[in-house]
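See below for the structure under consideration.
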Amino acid sequence: MISAVLLTVSALAQQVTNLSDVKDGYYRVYAVKGKRYLSLLDNKGWAKRSGANAVADLYAIRTLLDNSDNHIVSNPATVIRITPSSTEYTCSAQGTSINNFTSYKFKISKSGNAFIISAEAAGVGKSILAEGRLYSDEKDAYLPDSGVVSSQGANFSDGSRDLYLYKVSSSDANSYFGFAPDVNVGSKYYQTTYFAFPFKLASGSKATVYRVTKVLGSSAIIEPFGANDVVPAATPLLVESSSNNAADNKVDLQLTGGSASGTNLLAGVYFRYVYTDNAKAGAPSSSNSNHRNLTKFDASSMRVLGSSNGSAVFTTASTPDYIIPANSAYLKVPAGTATELKIRTKVEYTRATKDVNMDATVDISDVQTVINEMPTNASYCDVNSDGIVDISDVQSVINNINM
């Protein structure tokens, strides 16, 4: 069950009210009139001059109500990096930026206690980002309680252009980012995740994050990142925690850092988005307005997170038309892989199989490895789980040699 921690706007301690405080960092952008948060849910769109007007397809940007469906504090699509450059700003998220698909940089200006985000074009003037109509129909099967964003003229002043900016920080009791894992196995909770910012676990976080390094038989072998490691941006991950409450699983967002070294068999997905409104007239190409960004499950090459017989597993999807959720990950597998893969650490795998060399075969080389590791007391060679690597572990491996 997803934790019901919701952002309370009036209680946020890190609202930015001065333009001079809008520095390179991570923010949530709150549409004041609609009481929703801006999110980037697709990487397609465009903007251009058309005669004396500016026209744009901004349907990739949606506003989300903070509720148990959208769960803002653990939704990566609502974490916007704003980077100043002279008098202009880049707004990026989800591995892309609004600037990329519109070809415009933006200006930010004050509007009372709020801000206005706008772009200007010669001969057209200012075009302002504003929350448009709110939907609850079939266009939004994946997006309950959402609205679209559009561009408005400089004189547009019904309040829908006013935006609050909140810094995202683990030190803030409300405006933070944390994991809310929803696959429950015993006393643990799991999720896969994929997002565009580097991070490290915040002090006191109950979460551990893993990469998947190998598939051996019916096992998926996981390796943890260290508690103080900076995890690189765009790293697909498995998350494990003793809590499904995002407040217990906070992270510290980083502007740079992290190393992508080491094998990771997980693949990440940023988007699960369909917008079926008619394409805006004047699109530079049909693909720019085709807001259908889905990754369909393929049983021959994918496994997704689940649970089975009291264990966390990577398994086939429950339905053949399953769509991979936004900001999640799946396990890449070759054809012929077992339907269900039990998730195990290296130590858990070697103790269960006695395959200490992790080559899917128990033979004399495993015996030799245990003997060699006796002086080091390497935990993965303690196949008897008695806290010491000795002759009894050698005997256990011999008893399991594949004949």
* Roughly how many Å² is the accessible area per residue of segment 325-386, as a whole number, for a 1.4 Å probe? -> 46
* Asked: Which lysines, on any chain, are close to LYS33 with Cα under 20 Å apart, when same-chain ones fewer than 8 places away are left out?
  -> LYS110, LYS167
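Based on the Cα atoms of segment 215-268, what semi-axes does the equivalent ellipsoid have, where each is the square root of 5 times one gyration tensor eigenvalue, given in whole Å with the largest first?
Details: eigenvalues 91, 60, 18 Å².
The equivalent ellipsoid of segment 215-268 has semi-axes of 21, 17, 9 Å.
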* Structure fact -> In the neighbourhood of THR102 defined by beta carbon distances under 10 Å, the net charge of the other residues (Lys, Arg +1; Asp, Glu -1) is +1
* Mean separation of Cα contacts under 8 Å, 6 or more apart, over the residue count of segment 328-403: relative contact order % -> 28
* Structure fact -> If each part is reduced to its alpha-carbon centroid, segment 171-223 and segment 61-76 end up apart, in Å, by 19
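Considering only protein heavy atoms and a probe of 1.4 Å, how much of the accessible area of segment 301-403 is carbon and sulfur, as a whole percent? Provide the component values of the computation, followed by the final result.
Values: 2580 of 4990 Å².
Taking all protein chains in place, segment 301-403 shows 52 percent carbon and sulfur surface.
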* Backbone HN-Hα couplings from phi across segment 75-89 [Karplus 6.51/-1.76/1.60, Hz, Gly and Pro as x] -> 9, x, 5, 9, 8, 10, 8, 10, 10, x, 8, 6, 9, 10, 9
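What is the percent carbon and sulfur in the accessible area of segment 155-219, measuring with a 1.4 Å probe over the protein chains and ignoring ligands? Display every interim value, and only then the final one.
Details: 940 of 2450 Å².
Taking all protein chains in place, segment 155-219 shows 39 percent carbon and sulfur surface.
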* With r defined as the distance between the Cβ atoms of THR90 and MET374 and R0 fixed at 60 Å, what FRET efficiency is calculated, to the nearest 0.05? -> 0.60
* Alpha-carbon spread of segment 282-383, three principal axes, descending order, Å -> 72, 32, 22
* **Net charge over other residues, Cβ less than 15 angstrom from the Cβ of ALA317 (K, R count +1; D, E count -1)** => +1
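Note down the net charge around ASN228, summing +1 for each Lys or Arg and -1 for each Asp or Glu among other residues with Cβ under 12 Å from its Cβ.
Details: positive: LYS200; negative: ASP229, ASP252.
With Lys, Arg at +1 and Asp, Glu at -1, the neighbours total -1.
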* Asked: So what are the radius of gyration and Dmax for the Cα set of segment 60-103, in Å?
  -> 12.3, 39
* Structure fact -> Phi angles of segment 99-114, converted by Karplus (6.51 cos²θ - 1.76 cosθ + 1.60, θ = phi - 60°) into ³J(HN,Hα) in whole Hz with x for Gly and Pro, give 5, 4, 8, 9, 6, 10, 8, 10, 10, 10, 9, 7, 9, x, 8, 10
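Got a number for carbon plus sulfur as a percent of segment 33-109's accessible area, 1.4 Å probe?
Working: 1260 of 2740 Å².
Exposed carbon and sulfur together represent 46 percent of the surface.
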* Structure fact -> In the structure shown, of LYS23/LYS107; LYS296/LYS332; LYS188/LYS296, the pairs separated by more than 22 angstrom at the C-alpha atoms are LYS188/LYS296
* Long-range amide H contacts for VAL231: which residues qualify at under 5 Å (H placed 1.01 Å from N, peptide plane, sequence gap of 5 or more or a different chain)? -> PHE199, LYS200
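The values are calculated or read from the model by the stated rules, or taken from the named source; none is laboratory data. All figures in this text were calculated on a predicted structure; none of them were measured in a lab. Note: ideal-geometry Cβ built from the backbone for every residue, glycine included; neighbour counts use all protein chains shown. Ligands, DNA and RNA are stripped out before the accessible areas are found, and what is left, the full protein with its side chains, is counted by its heavy atoms. Shrake-Rupley method; radii C 1.70, N 1.55, O 1.52, S 1.80 Å.
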